[in-house]
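Written below as structure tokens is the structure these notes are about.
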Amino acid sequence: MRTLRARYRTPLLKEEFRITDPSDGASNAGLGEYLRSANFEITELGRELALDARLAHYAQTTLAMVTTPRVRVRWKRDEASKARTLLLFARKGKLSVSTQGPVVRRGDNAIMLLPSDRPAEISVTGPQSELMYISAGAGVVPPLALNLSNDVQGTALPWHRIAPLYAFVHAVCASPPPAEDEPDALAACSEAIVESCARTIIGDISAQGSVVLQVRAFIAEYHTNPNLTLPSISGRFGIATRTLQAAFSTQGSTVRRELREARTRTAQGLRRTHSQLSQSQVARLSGFTSLSAMYRSLHAESDAAVAATDNLVMTPPGVSSTR
């Protein structure tokens with residue numbers, strides 16, 4: 001596990017870095033130490049201009065303003081990363097991330113990587129991007145976000161929701177540190193601002209969760225109607241199809257999957273309790289549009305059950321099946 005250097009445990013530390021090549025950490029002692037302490041590795045950097053970063057480090061939080069060409073950074077993460085959250089907002093440029101850990105994406109202008117030890121690769125595209133970067137403890141994550149699935153996607157955040165937060169972080173990073181005998185007025189607000197940034201990325205997920213519950217109840221009651229589809233459900237609830245899909249993605253599911261699983265359960269029940277019914281009748285009464293659609297769904301369910309059983313058999317007692 002990494003040892004965080006003592007200077008990053010001070011109440012406030014500000015520093016600036018200019019990076020023109022991914023290997024600069026080897027020749028710049030301060031940059032190298034920071035990259036190691038953050039567990040970052042710059043794997044790709046465009047040649048159009050330098051990456052400039054202004055950072056303000058508090059005891060448990062780092063705020064930064066970054067201008068950069070195209071860049072790719074690997075956050076290697078380890079056991080200590082299970083207590084860290086990373087938030088990125090793009091004023092210019094586009095953000096993307098690749099990870100098997102939990103992440104919230106808002107279009108291509110905001111990302112929140114939730115606590116995890118799974119590595120992540122962050123990419124920024126655009127010839128001259130401007131970013132706000134926040135690294136903070138897991139405590140800033142809204143409780144709702146801790147229960148999210150691995151990959152949650154929402155619409156891009158409008159600039160007016162980011163601008164006040166962006167202005168605050170810019171002010172913190174651009175201003176000189178206060179004298180030792182002076183209070184740091186900005187530091188007093190930093191924790192609340194970071195929490196606000198996290199809530200901004202989560203956005204209306206709580207409202208989406210309520211929609212998911214309502215739609216699930218609707219599917220449970222009406223899934224035997226073969227005309228019930230994603231577009232018809234969206235119309236019934238007055239919600240755009242894309243918005244409804246995004247709401248279900250926060251729960252690690254889709255409307256189509258929920259419909260298919262509900263119809264499959266009904267078909268399985270009918271086959272057990274009403275053996276006199278033909279397979280075509282079972283398909284029709286379950287809400288499937290065709291016999292072949294029912295068979296595909298039943299086979300998929302059977303394959304999933306077999307895979308789950310095989311996993312239990314192959315995993316020795318007391319040994320987790322996940323890594």
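Read-outs throughout are calculated quantities, based only on the coordinates presented, and are distinct from any laboratory measurement. Predicted, not measured: the structure shown is a model, and the values here were computed from it. A quick note on method: Cβ atoms are made from the backbone with ideal geometry, for glycine too, and the neighbour counts reach across all protein chains shown.
Computed over the chain with a Gaussian network model linking Cα atoms closer than 10 Å, the most mobile of LEU55, LEU31, LEU131 is LEU31.
Annotation: lysines with alpha-carbon distance below 26 angstrom to LYS92 (same-chain offsets under eight excluded): LYS14, LYS76. Only one of (i) 14; (ii) 37; (iii) 19 was calculated from the structure for percent of Cα pairs over 35 Å apart, and its label is (ii). Residues in the stretch 115-129 carry Karplus couplings, in order, of x, 5, 9, 7, x, 9, 10, 9, 10, 10, 10, x, x, 8, 8 Hz; the curve used is 6.51 cos²θ - 1.76 cosθ + 1.60 with θ = phi - 60°, and Gly or Pro positions show x. Taking amide H atoms as placed 1.01 Å from N in the peptide plane, the amide H of LYS14 lies under 5 Å from those of HIS57, each 5 or more residues away in sequence or on another chain. A simple rule links phi to the HN-Hα coupling: the Karplus curve 6.51 cos²θ - 1.76 cosθ + 1.60 with θ = phi - 60°, which for the stretch 267-283 gives 4, 4, x, 5, 5, 6, 9, 9, 5, 6, 6, 6, 5, 5, 5, 4, 4 Hz, with x for Gly and Pro. Each Lys and Arg contributes +1 and each Asp and Glu -1, all at the Cβ; summed about the Cα centre of the chain, the dipole is approximately 1260 debye.
Scanning residues 5 or more positions from LYS92 or on other chains, those with amide H under 5 Å from its amide H are GLU130, with H placed 1.01 Å from N in the peptide plane. Cross-link partners for LYS82 among the aspartates and glutamates, with Cα-Cα distance under 13 Å and sequence neighbours closer than 8 places in the same chain left out: ASP117.
Computed over the chain, relative contact order equals 13 percent, with contacts defined as Cα pairs under 8 Å that lie 6+ residues apart. Applied to the stretch 29-45, the Karplus parametrisation 6.51 cos²θ - 1.76 cosθ + 1.60 on θ = phi - 60° returns per-residue 3J(HN,Hα) values of 4, x, 5, x, 5, 5, 4, 5, 5, 7, 6, 9, 9, 7, 9, 7, 8 Hz, with x for Gly and Pro. In the chain, helical runs assigned H by DSSP with n ≥ 4 each contribute -39500 (n - 2.57); averaged across all residues and rounded to the nearest 500, the mean residue ellipticity at 222 nm is -13000 deg cm²/dmol.
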